[in-house]
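Q: So that we are looking at the same thing, I have put the structure below in C-alpha cells.
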Amino acid sequence: MQANRSRQEHETVEAQAPLSLARMRPGAGPSDLTLRPQQRLTATTPVMLRSDRAGSAPARLWTALTAAAETEADRGLAFLFLPVAMGAGAGLFYGAQRDPGLLGPLCGFAVALILALFAGARHIGLARAGGFAAALFAGAIAGSIEQRSGTVLLDQDVTTGITGSVEAREFDAGGRVRYLIRVISTADPELGRPPERVRLVARAPHPPLPVGAAISGRARLSSPSGPVMPGGYDFAFRAFIDGIGAHGFFYRAPQAADPLAQPPPSRLQAFRHGLRTVREQISARIRSVLPGDPGGIAATLAVSDRRGISEAAVDSLRATGLAHILAISGLHMALAAGTLYMLIRTALAAAPAVVEAWPVKKIAAVGALLAATAYLMISGASVATQRAWVMLVIMLVAVLADRPALTMRNVALAAMAIILLTPSAVVGPGFQMSFAATAALISAYAVLAARKRARQGEPGLLAGSMPGRVIILFVKAILGLAITALVAGLATGLFSAHHFHRLAGNGVLANVLAMPLVTFVVMPAGVLALLLMPFGLDEWPLRLMGKGLEGVIWTAQYVESLGGDIVVGQIPLQATLAASGGLILLVFLRSWLRLGGFALILLGAVLALPPFRDHGPDILISEDGALVALAGPEGLASNAARPSEFLFRQWQTALRDKPHIAPVSLKSAETRTAGSGTESSGTARSDARGSEAQTSEVEGSDAAIDPKILDRLLASAAGERSRFHCASRGICAAIHHRAKIIAIREAALIGAACDRADLVILAIPVRMRACHSGATLVTSRTLRVTGSLAIRMRSVPVRSTASPDHPRTTRPGFTIDASLEGVIRPWTIQRYYDWRSRSYDLPN
C-alpha cells in the first residue's frame with residue numbers, strides 16, 4: 001500500500017507540475033527533473049493544471065516552437081549558420097558604396113568575440129548572437145584583406161606600346177592567340193597608371209611566343225567595363241579580383257622583346273610557367289586527337305581551355321541546363337578523384353594480404369587527394385576549381401578520420417574556408433549555385449535515407465527474382481538521376497534567374513539523359529587518358545571520351561529542339577534574398593520549422609511578380625553613351641542597326657527577351673514624308689524585324705550638322721513613336737511616351753538638341769553638365785562616373801503662370817537609376833582619374 005501511495009503521489013505531481021518548471025531532455029533520468037528555486041512546490045503553492053495550459057493556442061504554439069528550436073539546437077544548427085553570417089559580412093563589405101576599411105570590422109570582431117566568450121553557457125542566446133556577429137565581421141575582414149591584393153584598372157581606353165612578359169596564352173579555333181601579359185613598361189604614351197597585367201589578342205599570323213618570353217607591340221587597351229545596367233554583373237569588379245587591369249588587341253603581330261627587359265622569374269613564377277606549358281601541351285594533344293566541339297569540351301574538362309568550343313555548342317548547353325559541365329567544379333573534381341579512388345581501392349582489394357595488413361580505404365583516400373590536387377594545378381586553379389578542391393579535401397580528410405564524408409557540417413566547413421580565402425566569390429553566381437546544389441542534395445538524400453531506414457525490413461516489389469532486382473536497380477538509378485537533376489536544378493535555378501535572367505526549361509530531362517554519359521564515360525575516360533598521356537597510350541581513352549561528348553552534344557541539341565531556356569527577366573534583389581533565406585531554412589532544418597522555408601520561398605516568388613515587381617526601365621543607356629534603347633510594347637528599339645551583341649543581349653534578357661527594333665534611316669523618313677506612305681512603312685517594318693536598317697549618309701556635310709536635321713528627325717519620329725530615326729554621324733531622335741529624346745555624337749548640336757528635346761544623350765566627353773532649357777543632359781563624361789543608366793519615365797506637373805484658374809499641365813520627367821553613382825571603391829576609383837593632371841577628381 002505504501003508503494004501504491006508513493007506511485008500515486010508521483011503521478012499527481014507529474015500531472016500537475018507546470019511545463020515551465022522543468023523540462024525532461026530526451027534520454028534524461030529522474031535526477032534531471034528539477035524545479036526552479038522560486039517555484040518549488042509547497043502545500044500552499046497553486047498548481048496550474050496541464051489541461052489549463054493546453055487550452056491556450058498561443059501557449060501551445062510557443063511550447064511547440066520552443067521544443068522544435070531546442071531539437072534543432074541539439075543537432076548543432078548554430079554551426080551551420082556561421083558560414084551564412086560570414087557570407088553576409090563579405091557581401092555587405094563588397095556591396096558598400098564606400099570602403100569600410102579594416103579597422104572597423106576588426107573592432108567589431110573583437111567586441112563580438114569578447115561578448116560571446118563572456119556570455120558563455122550562462123546566456124547561451126547572447127553567446128550565439130555574439131558568435132554570429134563575430135562571423136559576420138570575419139567575412140568583412142577577409143574581404144578587406146583580399147581587396148588590398150587587387151590590381152590597378154586602366155582609367156580609359158588608350159593606344160600605347162606594351163612591353164611585358166607572357167604569363168599564359170590560349171589558342172582559339174581561328175588560330176588567334178590570346179596572351180596574358182605582365183606589363184613591364186609602356187611607351188608612346190607612357191601611362192601614368194599602368195595596369196599590372198593585361199589580356200591581349202593577337203590576330204595577325206605569327207609564331208606564338210612561349211610562356212615566360214618577353215613580348216612587345218603596339219596595342220589598343222580598353223578599361224574593364226562596369227555593369228551593363230543597374231543591378232547587373234560588374235565586370236570591372238571581377239577583373240580587379242582576377243588581377244587583370246585591361247584587355248584589348250595588338251595592331252600587328254607582337255614581337256619578341258629583349259629578354260634583359262624583364263626581371264628574372266622567381267621560383268614560384270617559374271613553377272607557374274611550367275604548369276602553363278604543361279596545360280598547353282595537354283590541350284594541344286587532346287585537340288589533335290579530337291577535333292571540333294568534342295575536342296574543345298574535352299580540353300575544357302582537362303585544363304579549363306574553352307577557346308575551341310563553338311558558340312552554337314555553348315548556346316545549346318546553356319539553353320538545356322548543361323553548361324555546368326564546362327566549369328571545373330565539384331562535380332568534375334569528385335568524378336576525377338572518385339574514379340582514382342575506386343581504381344586504387346579495387347587494385348588493392350585484389351590482394352587479400354594487403355587488405356588485412358593496411359587500411360585500404362584510407363590509402364585510396366590519400367591517392368584521391370593527391371589526384372585532386374594535381375587536377376587543381378593543371379586545370380588552372382580557377383575560383384570555382386579551388387572551391388571544389390577545398391570541399392573535396394574536407395570530405396577526404398573526414399574519410400581519413402573515420403567520419404562521414406557527405407554531411408552538412410562538412411559543407412559548412414568548406415564554405416567557411418572558401419569565404420576566408422576568396423570572400424569575393426560570395427557575390428558571384430558560382431559560389432552561390434555550387435553550395436546551393438550541394439546543400440540541397442545532401443538534405444534531400446538525408447530525407448530519403450531516413451524514409452528508407454523507417455521502412456527497413458519491409459518486402460519490396462519484385463525483390464525475389466533476378467529480373468526483378470535488375471529492374472529495381474535500373475529504376476532506382478533513373479530515379480536517382482532524376483531526383484539529383486530536379487533538386488540541383490531547383491536549388492540553382494533561383495540564382496540562375498537572378499544573375500542570368502533565364503531558366504533551363506527542360507534542364508531535368510537534359511541532365512537525366514546526359515549525366516550518365518558524363519559520369520560513367522566522359523570523366524573516367526578523361527582521367528585514364530591523363531594518366532596514360534605521359535606514356536603515349538592516351539589515344540583510345542580520348543576517343544572514348546570524344547564519343548561520350550558527342551552524345552552529350554547531341555542530347556543538348558535534341559532537348560533544345562523541344563524547347564529552350566525560359567527568359568524570366570531581371571529579378572528584384574529582395575525577391576532573391578527572401579527565396580535564398582527560405583532555401584537555407586529548408587535545407588538546414590529537420591523539424592517542422594522547415595515549413596518557414598517554404599513560406600519565404602513563396603514570399604520571394606510573390607515579390608518577383610507584379611504588382612510588387614515593377615515593369616522595368618523605359619530607357620537604357622550604355623556606360624559610354626553610344627548605345628541607347630527604348631523599351632516599348634513591340635520590342636527594344638536601339639539607335640544602332642547592329643548593336644553590340646554582348647551588351648544588347650543582356651538588355652534583352654533583363655527585359656524578358658524583347659525583340660530588337662532597328663532605327664529608321666533618314667532616307668526612309670523622307671520618303672514616307674514625301675507621300676509614298678505604304679511602301680515606305682513596309683520597308684521600315686522590314687528593317688525593324690530583320691535588324692538590317694542602315695544609317696544613310698546625308699548629302700553634304702553641312703546637312704549633317706544643320707540643326708534643322710533634328711526637326712526633320714523629330715517630325716519623322718512623331719509618325720512612328722518608340723523607335724529611333726537616325727541620320728549620319730550618329731544623329732538620332734525618338735519620341736517615347738511623350739518625351740522627345742535626341743542621341744548625338746556632334747558637339748555642335750548640343751544647344752539645338754537641348755532646345756528641342758526633353759532628354760539629350762551625347763556620346764562624347766564635354767564639360768557641360770546641364771541644358772539651360774531644363775532638358776536632362778547625359779554625356780559620356782557624366783556616364784564615366786555614374787556608369788550605365790536605367791531611366792523610368794514619369795509625368796511632372798507644370799503650374800501655369802498665365803492664370804491661377806488655368807488647369808495645370810504635365811511634362812515628361814525622368815527617374816534615373818545609375819549603376820555606379822556614389823560608388824567609390826578600388827574597382828571604380830579609376831573613373832575619377834584625370835590623366836592630364838594625374839590626380840583624382842573625387843566628389844566631396
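The values are calculated or read from the model by the stated rules, or taken from the named source; none is laboratory data. Only a predicted model underlies this, so the values are computations on that prediction, with no experimental measurement involved. Positions of Cβ are generated from backbone atoms using ideal geometry, with glycine treated the same way; all protein chains shown enter the neighbour counts. For the accessible areas, the whole protein counts, side chains as well, though only heavy atoms, and no ligand, DNA or RNA atoms are used. Shrake-Rupley method; radii C 1.70, N 1.55, O 1.52, S 1.80 Å.
Q: Step through the residues of segment 634-639 one at a time and calculate ³J(HN,Hα) from phi using the Karplus curve (6.51 cos²θ - 1.76 cosθ + 1.60, θ = phi - 60°), rounding each to whole Hz and writing x for Gly and Pro.
A: So the Karplus estimates, Gly and Pro as x, are 9, x, 10, 8, 10, 8 Hz.
Q: Taking amide H positions as placed 1.01 Å from N in the peptide plane, with prolines and chain starts having none, which residues 5 or more places from Tyr233, or on another chain, fall under 5 Å of its amide H?
A: Correct list: Val228.
Q: Of the listed values (1) 58; (2) 44; (3) 51, identify the label whose number matches percent of Cα pairs over 43 Å apart calculated from this model.
A: From the options (1) 58; (2) 44; (3) 51, the structure gives (2).
Q: Related question: Just to check I understand the Karplus step: with θ = phi - 60° and J = 6.51 cos²θ - 1.76 cosθ + 1.60, what whole-Hz values come out for segment 124-133, glycine and proline as x?
A: Working through the residues one at a time gives 4, x, 5, 5, 5, 4, x, x, 5, 5 Hz.
Q: Continuing with the same structure: Tell me the angle of helix 330-349 to the major Cα principal axis of the chain, expressed in degrees between 0 and 90 and rounded to the nearest ten.
A: 40
Q: Counting only protein heavy atoms, what percent of the accessible surface of the chain is carbon or sulfur at a 1.4 Å probe?
A: Details: 26780 of 43270 Å².
Carbon and sulfur together cover 62 percent of it.
Q: Can you give the accessible area of Trp592, probe radius 1.4 Å, in Å² rounded to 10?
A: Accessible area of Trp592: about 120 Å².
Q: A further question follows. Could you please state, rounded to a whole Å, how far the C-alpha centre of segment 292-320 is from the C-alpha centre of segment 628-665?
A: 28
Q: In Å², what does the accessible area per residue of the chain work out to with a 1.4 Å probe? Write down the numbers at each step before the final one.
A: Numbers: 43270 Å² over 844 residues.
Per-residue value: 51 Å².
Q: Let me check something: with ligands and nucleic acids excluded, how do Ser149, Ser788 order by accessible area (1.4 Å probe), largest to smallest? Mind dumping the intermediate values first?
A: Details: Ser149 90, Ser788 0 Å².
Largest accessible area first, the residues go Ser149, Ser788.
Q: Quick one: net charge of Ile309's neighbours, Cβ under 14 Å, K/R +1, D/E -1?
A: Details: positive: Arg287, Arg306, Arg307, Arg318; negative: Glu170, Asp172, Asp293, Asp305, Glu311, Asp315, Glu550.
Here the count lands on -3.
Q: For the chain, with only Lys/Arg (+1) and Asp/Glu (-1) charged at the beta-carbon, what is the dipole magnitude about the Cα centre, in debye rounded to 20? Provide the component values of the computation, followed by the final result.
A: Values: 83 positive and 59 negative charges, 345 e Å.
I would put it at about 1660 debye.
Q: Another question, if that's okay. For the pairs Lys362/Lys452; Lys476/Lys547; Lys476/Lys658, note any where the Cα-Cα span goes beyond 32 Å.
A: On the way: Lys362/Lys452 28 Å; Lys476/Lys547 26 Å; Lys476/Lys658 42 Å.
Over 32 Å Cα-Cα: Lys476/Lys658.
Q: Shifting gears a bit: Please list, ordered by chain and number, the residues whose modelled amide H lies under 5 Å from the amide H of His736; skip anything fewer than 5 residues away on the same chain.
A: Ser722, Ile741
Q: Kindly provide the trypsin sites (Lys or Arg not before Pro) of segment 87-149 that DSSP labels as loop, not H, G, I, E or B, and whose Cβ sees at most 11 other Cβ atoms within 10 Å. It would help to have the intermediate numbers written out before the result.
A: Values: sites: Arg98, Arg122, Arg128, Arg148; in loops: Arg122.
Filter output for segment 87-149: Arg122.
Q: For helix 292-303, what angle does its Cα long axis make with the longest principal axis of the chain, in degrees from 0 to 90 and rounded to 10?
A: Taking Cα atoms only, the helix is inclined about 50 degrees.
Q: Lone cysteines in the chain, going by a 4.7 Å Cβ-Cβ cut-off?
A: Cys with no partner Cβ under 4.7 Å: Cys107.
Q: Only residues of segment 199-242 count here: report those whose backbone N is under 13 Å from the spot 7 Å along Cα→Cβ of Ala256, or say none.
A: 207-216
Q: According to a simple spin-label model (label point 7 Å from Cα along Cα-to-Cβ), what is the distance in nm between Ser382 and Leu65?
A: 4.5
Q: If one takes the longest principal axis of the Cα atoms in the chain, at what angle in degrees, from 0 to 90 and to the nearest 10, does the Cα axis of helix 103-119 lie?
A: With both axes taken from Cα atoms, the answer is about 10 degrees.
Q: Ordered by packing density, taken as the mean number of other Cβ atoms within 10 Å over each peptide's residues, highest first, how do 593-601, 433-441, 514-522 rank?
A: On the way: 593-601: 15.7, 433-441: 22.4, 514-522: 19.7.
Descending packing order for the listed peptides: 433-441, 514-522, 593-601.
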